[in-house]
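Only one structure is covered here, and it is reproduced in the block below.
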Amino acid sequence: MDEKAPYNALMESIASSLHKAIDGLYNGEFEFSDIEKSVELSRSFGDISSTIALRIAKAKGLDTHAIASGIMESMKKPDYISEITEKNGFINFTIDRDSYSRSAIAYALSSDHIFASDKGTGKKAIIEYPSINPAHPMHMGQVRNVLLGDSIARLYACAGYKVEREDYIDDLGLQVAEVIWGLAHMDKLGIVFDSNRKFDTMIGEIYVAVNKALDNKEIKDEINNVLVSMDQDGTYEAKAAREMAESFVKAEYDTLLEMGIYHDVLVWESDIVRKRLLEKALAKMDEKGIIAKPKDGDYANCIIIEHSKLGELPKEFEGLKEGVKVLVRSNGAPNYVSKDIAFHMWKLGLLEDSFSYGIFMEQGQSGRPLYSTGKEGSKAGFGAADIAINTIDARQSYEQSLVRLVIAMIGGKDYSESIKHVAYGVVDLEGISLSGRKGTWVGYTCDDLIREAKEKASALITDRFNLSEGEKADVIKAVALSAIKYEFLKLSNEKKLVFSWERALNFEGDSGPYCEYMHARAERILESAGNGNKRYDIKNGYSFSSQEFELVKRISYANIILEKAVRECKPNIVVEYLMDLSTSFGKFYEAVPILKAESDDIRESRLAITQAFARLSSELLDALGITAVKRM
């Protein structure tokens, strides 16, 4: 066997054996790629099945059973396979338990990383998240954005990509204009700014108060004037907006760093305008005939995109009342979409990087620098990625589709297809719909969530866990954050999420704390074995039980799970895999003695299985941003 992961080697051997047999029977009529796609894990017959006989039968109008039998008679038995059978046209392969398990454990314990792939080697991926408007503190509805972006960034890094984590700060939008007006008129709103409170929370209260006053036309007009002035470099409003937003972001990063989440660079919307990226993007769109500036009518003096000029339109455009998107208003104020188009052109290298960068802050105990665009600074090599991924609410799907269509017209299909919109469903808590404008986030901010999670975890981490006070504090934080992250990531992105404390803090299964507990149990077994960092091995003649084989098979799936999760941008695939793996380890632990095994060879072999699980579960937890505790 070669140095490939045993599962990859197994699947390639099956596909190759099938291809050689089919090639001989049908004179090269069927492509290897079609045969390869027909081979997959089986839940019904054997361990792996192929549907290729069904496809050939349909194409040639022949009997499926006869075709499958002919292929089986002609093919060489693949590596790691003990038996080949046919059922209902499916060609089924049974894995040789001992030889495969031995190779899978040896590979897992000899590799630098088990949960790894080289699919992204030489490629750069920009992950943009959470890009929250600096107008109210992060609430539970936005936590999903943060955690999806962080976990996708981690998964892409595991797959070999050079990952750039970006946070886009909208410091020129209407929400910021409302906050700036509110800060200047706190007396009218009946608010006294309390500098002892967290800055983003105070800003959120001002924002809510302003929105309650928007029935007053005079106030609305004043806010619109602030919005126009903010877009003009050097004005009081522009300076005030940037200063407020910077203070807001620092407060927001207190929360993010508490969750173990960091970024590489902040890109400010105001810098997209002031560094002339927007101007250059509009010029490119004008050259391609994408935009227009009507002289009269409803859109007089606006810069617009007519949908009819964008070619074939995707489903996100269905049902729209108007066939036009305004990019720049008649008063000269550009909207979010215009700047987002320019931002994506920069992300993909379609615009030269004219930003200057400086260090905004150091993140956490590691002191990892967070860079920021600004008026002054130096070049830093950001942007110009092969893939741009955005975690944005599903309600922004039209805008994201519009950006992709424009990028396709400017750079071509390859560029537009490299933009991935990770659309996610809304988050509810006990029937409450969270809104920044209405202030329904009060009591449901991310800070509130972390605080409550720690309180609930503390009540569960009792003396029965046999921990020192220092260990207990660390475990409480780890359990609290694992409960939050697992619960938010376990559903497919597009599904609506209803957060439940009962599910999140369940130690018995399908929760972050349960998976942490299974990992800690494995680590405790290895610690009790008393051999330090020794690497264990499967001893000659060791026979794997059914529980052991199920666990080993799951361990061997690591890299294909990673590649699928990366391809689909779905961390829930990894969450489900981690849960299945943890459950399998629990069954193995309950079924056979490990430390008190019948002989030294059996003990060492079972410790090798435990060690492989501990290594992999640690990597999986880390890929989800969860701390792998060793004592619990």
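The values are calculated or read from the model by the stated rules, or taken from the named source; none is laboratory data. Not measured: the values here are computed from a predicted model. Don't worry about glycine lacking a Cβ; one is built from the backbone with ideal geometry, like all the others, and counts go over all protein chains shown. For the accessible areas, the whole protein counts, side chains as well, though only heavy atoms, and no ligand, DNA or RNA atoms are used. Shrake-Rupley method; radii C 1.70, N 1.55, O 1.52, S 1.80 Å.
Enumerate the pairs (first residue in the range 217-229 and open to solvent by less than 50 Å² (accessible area, probe 1.4 Å); second residue anywhere and polar (S, T, N, Q)) with beta-carbon separation below 6 Å, excluding pairs fewer than 6 apart on the same chain, so at least 6 apart or on different chains. Once the first residue is open to solvent by less than 50 Å² (accessible area, probe 1.4 Å) and sits in the range 217-229, its partners that are polar (S, T, N, Q) give Val228/Asn331; Ser229/Thr235.
None of Glu376, Glu362 is touching a residue at least 12 places away in the same chain (Cβ under 8 Å), out of contact with any helix residue (DSSP H, G or I) (no Cβ under 9 Å at 6 or more places or on another chain) and acidic (Asp, Glu) except Glu376. Residue-level analysis places Ser546 outside the set of residues that are within 23 Å of Leu616 (Cβ to Cβ), touching a Ser or Thr at 6+ places or on another chain (Cβ under 9 Å) and at pLDDT below 95. Of all residues in the range 26-44, none satisfies being in contact (Cβ under 8 Å) with a residue 12 or more places away in the chain, crowded, with 21+ Cβ neighbours inside 10 Å and more than 32 Å from the chain's Cα centre (by Cα). Applying the criterion of being touching a helix residue (DSSP H, G or I) at 6+ places or on another chain (Cβ under 9 Å) and among the acidic types (Asp, Glu) to the residues of the range 379-399, the residue that is nearest to Val143 (Cα to Cα) is Asp393.
When the residues of the range 129-161 are filtered to those that are among the aromatic types (Phe, Trp, Tyr) and not in a helix (DSSP H, G or I), the one that is most open to solvent (accessible area, probe 1.4 Å) is Tyr161. When we screen Ile538, Ile555, Ile561 for residues that are under 35 Å from the mean Cα position of the chain (by Cα), closer than 17 Å to Tyr80 by Cα and buried (at least 18 other Cβ atoms within 10 Å of the Cβ), the only hit is Ile555. Taking the criterion of being outside any helix (DSSP H, G or I) and within 36 Å of the chain's Cα centre (by Cα), the residues of the range 595-626 that qualify are Leu624, Gly625, Ile626. Of the strands (runs of 3 or more DSSP E) lying entirely inside the range 24-113, the ones with 1 or more residues being among the acidic types (Asp, Glu) and over 30 Å from Ile602 (Cβ atoms) are found at 39-41, 81-87. Of everything in the range 252-279 that is within 22 Å of the chain's Cα centre (by Cα) and part of a loop (DSSP other than H, G, I, E, B), the residue that is surrounded by the fewest Cβ atoms within 10 Å (Cβ to Cβ) is Gly260.
Among the numbered conditions (1) without any contact (Cβ under 8 Å) to a residue 12 or more places away in the chain; (2) outside any helix (DSSP H, G or I); (3) not hydrophobic (A, V, I, L, M, F, W, C), the only one that Lys564 does not meet is (2). Within the range 307-354, the set of residues being without any contact (Cβ under 8 Å) to a residue 60 or more places away in the chain, closer than 26 Å to Asn133 by Cβ and in contact with a Phe, Trp or Tyr (Cβ under 7 Å, 6 or more places away or on another chain) comprises Val324, Val326, Asp353.
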